[in-house]
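The structure appears right after this line, and notes come after that.
The values are calculated or read from the model by the stated rules, or taken from the named source; none is laboratory data. Every value quoted in this text rests on a predicted model; they were computed, and no experiment measured them. For neighbour counting, all protein chains shown are included, and Cβ atoms are generated from backbone atoms with ideal geometry for every residue, glycine included. When the accessible area is computed, the model is the full protein with side chains, heavy atoms only, and any ligands, DNA or RNA have been set aside. Shrake-Rupley method; radii C 1.70, N 1.55, O 1.52, S 1.80 Å.
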Amino acid sequence: MKSLLRKSKYCLAVLLSPLLLIPFLQGRYVAPVQSGFVIDAKRVLVIDPGHGGEDGGAISISGAIESEINLDISKRLDLIMGLCGVPVVMTRETSELVYPEDAKTVKARKNSDMQRRAELVNSIKNPVLISIHQNNYPGKQPFGAQVFYGRKGDSRELAVYIQNTLIRALNSKNKRTAEEVSDNIHLMKNTDCTSVLIECAFLSNPTEDALLKTSEYRLRISWAIASAYLGFYGGKNES
Ligand SMILES: [Zn+2]
């Protein structure tokens, strides 16, 4: 019941926010209502809310936990994509990690869950992986979303498209560009598909930390990612 109510809350927020699409409908990033738009059921979007459980990720300057923000944005993205008819799989749907009983240390539990996520992605036919994270830096100045791409499939092209959409939707002063992901990201290293990792905002920046506390901004991020995904793949009719 509790989860049903929670889901209803997200549904309501999503349904009441079509106005957030207006910036996209005015520009080149049109997708959800584009004429001739084709849902490709053969492609499955895998949303990975970064971290979870004892691995909370980064902590914001006001004490917000990255793993919780990642999950919230991911759930909103899941609902939007569901409304658009896009098949979605989430690598986690709760705040917890999944691991066997014999995983005794935090490192063992984290590694086990990472392995599980990679196996899940690799078990899906034609997946596209989007991993959701928040950035962190010792200083307070850095700001702006940044997208990192894996080495397979359409990763780079998709990352560039999402990066441009996020700049347009969230902050036009953001000068960051899409970059190749570092080698130590387990999930992207161990999956064999198009993959991007999105650092949505800086938890170390006071303005972005405050924005991330609002459901409106989290929803705006989710809409922007959804619009970019649909814009990028909506025009690709290959079988
Ligand atoms: Zn992270």
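Observations
- In sequence order, calculated HN-Hα J values of the range 227-234 (Karplus, 6.51, -1.76, 1.60; Hz; x Gly/Pro): 5, 5, 4, 5, x, 6, 8, x
- Between the amide H of Val44 and those of Val128, distances stay under 5 Å, these residues lying 5 or more places away or on another chain, with hydrogens modeled in the peptide plane.
- Heavy-atom accessible area per residue - the range 131-225, 1.4 Å, Å²: 45 Å²
- Residues with amide H under 5 Å from that of Phe202, placed H, sequence gap 5 or more: Asn135, Gly144
- Once you divide the Cα radius of gyration of the range 95-225 by 2.2 N^0.38 Å, the number left is 1.14.
- Shown here for the range 77-173: trypsin sites (Lys or Arg not before Pro) in loop regions (DSSP other than H, G, I, E, B) with at most 15 other Cβ atoms within 10 Å, namely Lys104, Lys125, Lys140, Arg151, Lys152, Lys173.
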